[in-house]
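Data first, discussion second: the structure below is written as structure tokens.
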Amino acid sequence: MKYRKEIDGLRAVAVIPVILFHGGVTAFSGGYVGVDVFFVISGYLITTLILEDVAKGKFSLADFYTRRARRILPALLFMVLCCLPFAWVLLLPGDMEDFAASLFGVALFVSNIIFKTQAGYFDTAAELKPLLHTWSLAVEEQFYILFPLLVLALRRARKALFTGVLVTLFLSSLAYAQWASTNEPETAFYFLAARVWELLSGSLVAIYLRRTAAPGSTDLANAGSLFGVILIAVSIFAYDAQTPFSSLYTLAPVGGAVLIILFAREGTFAHALLSLRGLVAIGLISYSLYLWHQPVFAFYRVSGLPQGPGVTLAQIALICLASVVSWRFVELPF
């Protein structure tokens, strides 16, 4: 698969708002939408890799799951192990029970289900949960387990049928998310059934780009990719804890990510912006940044030590340091 550095830049655009949102920077009231951008990127990349292997006749479930495990698990387990002594020292017995349950969830890829039963994502209590962020990893891991099975089941079907099945699943999941956002909001936020449409939007982009050249003229590409950037930016700064998620509101950040992947080709403003060296560097360590940000913020809050802008900056510096170490000595070797 051809490397696209603007995708790493898009990863940075996803992870920075998430960190600032969880760090309590009020301007980034919708920073949590960075997770939705990650979902689109994951769906796009995974589908591209799978379809390339299927086309070459060398796709293997065992090989796919092994590669995913090597990509996800070492850094995740390293972060969890580092959390254990802090949890032992800082958490009260009831909080320790919840932490133990989250460890169980991480181990079995069901932490999204565990956290759904404990507290709402935007509740004050959720800010004190060191592994809260692993809910999104569980959603992705569940997708990684099920999606290849669907591809294998339909690999001999006509392309139109395969695409039709994905579009049907996409629309069904989006409709369910919208319903659940009103009737079962915690389910809408945490469960794969209400989130899979976001990952599938990336899958559908991958299928489109595999069959068709990058669409449109340079002017259209510029306009489309810039509109994608605007959609994500508006979501980050205009959404807040009261915005229903996942729901039709989620179409903005998801649609923004889709437009960027489709249109941000060389020569466009969005490509130039997302290819900036700093953003690409952040994107390369975005997984470790995502892993480390919540434990640092949560354990500090549990400690009861003073808060303030300077403290937040120090926490972010610590997150960056831990992420670089994790990326260099855990992610890369595996």
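The values are calculated or read from the model by the stated rules, or taken from the named source; none is laboratory data. Here the structure is a predicted model, which is why all the values come from computation and not from measurement. Positions of Cβ are generated from backbone atoms using ideal geometry, with glycine treated the same way; all protein chains shown enter the neighbour counts. Ligands, DNA and RNA are stripped out before the accessible areas are found, and what is left, the full protein with its side chains, is counted by its heavy atoms. Shrake-Rupley method; radii C 1.70, N 1.55, O 1.52, S 1.80 Å.
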Just give me the residues in the range 120-148 being open to solvent by 20 Å² or more (accessible area, probe 1.4 Å), aliphatic (A, V, I, L, M) and at pLDDT below 95, in sequence order. A125, L128
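For (1) over 30 Å from H271 (Cβ atoms); (2) open to solvent by 20 Å² or more (accessible area, probe 1.4 Å); (3) over 22 Å from the mean Cα position of the chain (by Cα); (4) of a type in the set (F, W, Y), each residue gets a yes or a no:
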site	(1), (2), (3), (4)
V15	no, no, no, no
G23	no, no, no, no
G31	no, no, no, no
I50	no, no, no, no
K58	yes, yes, yes, no
T66	yes, yes, no, no
L84	yes, yes, yes, no
M96	yes, yes, yes, no
G105	yes, no, no, no
Among the residues of the range 173-213, which ones are basic (K, R) and under 20 Å from the mean Cα position of the chain (by Cα)? R195
Is it the case, given these coordinates, that T182 is open to solvent by 20 Å² or more (accessible area, probe 1.4 Å) and without any contact (Cβ under 8 Å) to a residue 60 or more places away in the chain? no
L220 fails exactly one of (1) within 28 Å of F147 (Cβ to Cβ); (2) part of a helix (DSSP H, G or I), namely (1)
If you go through V229, V234, the only one that is within 11 Å of F263 (Cβ to Cβ) and not small (G, A, S) is V229
Can you find even one residue in the range 97-110 that is in contact (Cβ under 8 Å) with a residue 60 or more places away in the chain, in a helix (DSSP H, G or I) and out of contact with any strand residue (DSSP E or B) (no Cβ under 6 Å at 6 or more places or on another chain)? no
When both residues are 6+ apart or on different chains and their Cβ atoms are under 6 Å apart, which pairs have a first residue that lies in the range 33-50 and is closer than 16 Å to T134 by Cβ, and a second that is open to solvent by 10 Å² or more (accessible area, probe 1.4 Å) and of a type in the set (D, E, K, R)? S42/E140
Of the residues in the range 223-252, those that are assigned to a helix (DSSP H, G or I), in contact with a Gly (Cβ under 8 Å, 6 or more places away or on another chain) and not aliphatic (A, V, I, L, M) come to G224, F227, G228, S235, F237
Between residues in the range 141-168 that are basic (K, R) and residues that are loosely packed, with under 13 Cβ neighbours inside 10 Å, which pairs lie under 9 Å by C-beta distance while being six or more apart or on different chains? K159/R211
Which of the residues that make up the range 1-51 are basic (K, R) and in a helix (DSSP H, G or I)? K5, R11
Within the range 268-316, can you find the residues that are touching an Asp or Glu at 6+ places or on another chain (Cβ under 7 Å) and not in a helix (DSSP H, G or I)? S275
For residues in the range 36-46 being β-branched (V, I, T) and buried (at least 24 other Cβ atoms within 10 Å of the Cβ), which is nearest to R301 (Cα to Cα)? V37
Can you pull out the helices (runs of 4 or more DSSP H) entirely within the range 120-199 that have at least 2 residues that are in contact with a Leu (Cβ under 7 Å, 6 or more places away or on another chain)? 134-154, 159-183
